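Student: Structure in C-alpha cells, see below.
The values are calculated or read from the model by the stated rules, or taken from the named source; none is laboratory data. Just so it is clear, the model here is predicted, and its values are computed rather than measured. Here the Cβ is made from the backbone with ideal geometry for all residues, glycine too, and neighbour counts use every protein chain on show.
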Amino acid sequence: GIQVEQSPPDLILQEGANSTLRCNFSDSVNNLQWFHQNPWGQLINLFYIPSGTKQNGRLSATTVATERYSLLYISSSQTTDSGVYFCAAPGAGSYQLTFGKGTKLSVIP
Amino acid sequence: EPEVTQTPSHQVTQMGQEVILRCVPISNHLYFYWYRQILGQKVEFLVSFYNNEISEKSEIFDDQFSVERPDGSNFTLKIRSTKLEDSAMYFCASSRWGGAEYEQYFGPGTRLTVT
C-alpha cells in the first residue's frame with residue numbers, strides 16, 4: 001500500500017515564528033488531506049488539497065502531486081497551533097486514508 | 001458549515017463489556033468510515049460502509065466489531081466484548097461520494113478507555 005512519511009517528527013517554535021511541515025507519499029494520489037489533532041485528541045480537518053495551493057488564515061498548503069509531496073505552512077504561530085499535524089492519502093483502488101505518523105508541534109510563548 | 005458529530009466524547013468501560021460508539025455523518029453524505037488511533041500512534045483505518053454494506057475493512061476489524069446505520073442519521077460502531085487493547089480514540093468520517101478522490105470529513109472522536 002501507499003507509504004506516507006512526514007517530517008520533521010517534532011518541532012518547537014517560539015510564538016510568532018513561521019514553519020513548514022512536509023508530507024511525502026510513495027504513489028500518485030488524487031486526494032491529500034491535512035489534519036490538526038489538538039491536545040485533547042480531537043481531529044480537525046484543515047485542508048483537502050490533491051493539488052495546487054490553498055490558504056485559510058495563517059495556514060496554507062501546497063501539493064505537488066507529480067513530485068509526490070505536500071507542504072503545510074504555518075505563519076505567525078500561536079500557542080493554540082500546538083498539537084500534532086497529520087497528512088493522509090488513499091492508496092490505489094482504495095477508499096481508506098493512510099495517515100503519516102504526524103509532526104508534533106509545540107509553540108512556546 | 002456541516003460537520004460530523006460523535007457521542008460520547010469519552011467512554012469508560014470494563015473489559016468484556018459491549019460498547020456502542022455513535023456518529024452523525026453530514027446529512028447528504030453516502031459513505032461512512034471508522035478509524036482508530038491508539039495513544040501515541042498514527043490513525044488507522046477500520047472500515048468503510050455504503051448502502052448498508054461494508055465496502056472495505058482492515059485486518060483490525062475482526063468479528064468483535066460491527067457497524068450499523070440504524071436510521072437515516074446515525075452510524076454506529078459496536079465492540080462486542082472489549083479488551084484492554086481496544087482503548088483508543090475512535091474517529092468517524094463521511095464523504096459525499098465514494099472513491100479515493102473525495103474528501104473525507106472527520107468527527108472530533110470518541111476516547112474509549114477499557115479498564
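Student: Which condition does B:SER66 not pass, out of (1) in contact with a Lys or Arg (Cβ under 7 Å, 6 or more places away or on another chain); (2) closer than 17 Å to B:VAL43 by Cα, if it passes all the others?
Tutor: In the conditions (1) in contact with a Lys or Arg (Cβ under 7 Å, 6 or more places away or on another chain); (2) closer than 17 Å to B:VAL43 by Cα, B:SER66 misses (2) alone.
Student: Could I ask something else about it? Working only within region A:81-103, note down all residues that are under 21 Å from B:LYS42 (Cα atoms) and either surrounded by fewer than 14 Cβ atoms within 10 Å (Cβ to Cβ) or more than 10 Å from chain B (Cβ to nearest Cβ) (or both).
Tutor: A:ASP81, A:SER82, A:GLY83, A:TYR85, A:CYS87, A:ALA92, A:THR103, listed by residue number.
Student: Considering region B:78-111 alone, what residues qualify as being surrounded by 21 or more Cβ atoms within 10 Å (Cβ to Cβ), outside any loop (DSSP other than H, G, I, E, B) and more than 11 Å from every other protein chain (Cβ to nearest Cβ)?
Tutor: Listed by number, the list holds a single entry, B:SER94.
Student: Between a first residue in region B:27-52 that is under 14 Å from A:LEU43 (Cβ atoms) and a second residue that is outside any strand (DSSP E or B), which pairs have beta carbons less than 6 Å apart while being 6 or more apart in sequence or on different chains?
Tutor: Going by the 6 Å Cβ cut-off, the qualifying pairs are B:TYR35/B:VAL43; B:GLN37/B:VAL43; B:LYS42/A:LYS101; B:PHE45/A:GLN96; B:PHE45/B:SER58.
Student: Okay, next question. Scan region B:23-48 residue by residue and report those that are surrounded by 17 or more Cβ atoms within 10 Å (Cβ to Cβ), part of a strand (DSSP E or B) and more than 10 Å from chain A (Cβ to nearest Cβ).
Tutor: Hits for region B:23-48 are B:CYS23, B:PHE32, B:TRP34, B:ARG36.
Student: Moving to a separate point now. May I ask you to list the residues in region B:49-58 that are within 9 Å of chain A (Cβ to nearest Cβ) and more than 15 Å from B:ALA93 (Cα to Cα)?
Tutor: Correct list: B:SER58 only.
Student: For region B:57-83, what are the residues that are aliphatic (A, V, I, L, M) and within 17 Å of B:PRO8 (Cα to Cα)?
Tutor: Those that are aliphatic (A, V, I, L, M) and within 17 Å of B:PRO8 (Cα to Cα): B:VAL67, B:LEU77, B:ILE79.
Student: A further question on this structure: Among A:ASN24, A:ASN45, which is the only one that is more than 14 Å from every other protein chain (Cβ to nearest Cβ), within 21 Å of A:LYS104 (Cα to Cα) and surrounded by 14 or more Cβ atoms within 10 Å (Cβ to Cβ)?
Tutor: Answer to the check: A:ASN24.
Student: Among the residues of region A:48-78 satisfying the criterion of being basic (Lys, Arg) and away from chain B (no Cβ under 14 Å), which is nearest to B:SER9 (Cα to Cα)?
Tutor: It comes out as A:ARG58.
Student: Can you name the residue in region A:57-80 that is under 26 Å from B:TRP97 (Cβ atoms) and loosely packed, with under 15 Cβ neighbours inside 10 Å and, of all such residues, is modelled with the highest pLDDT?
Tutor: A:VAL64
Student: Please give the number of the condition B:MET15 fails out of (1) farther than 22 Å from A:VAL29 by Cβ; (2) over 10 Å from the mean Cα position of the chain (by Cα); (3) within 12 Å of chain A (Cβ to nearest Cβ).
Tutor: Condition not satisfied by B:MET15: (3).
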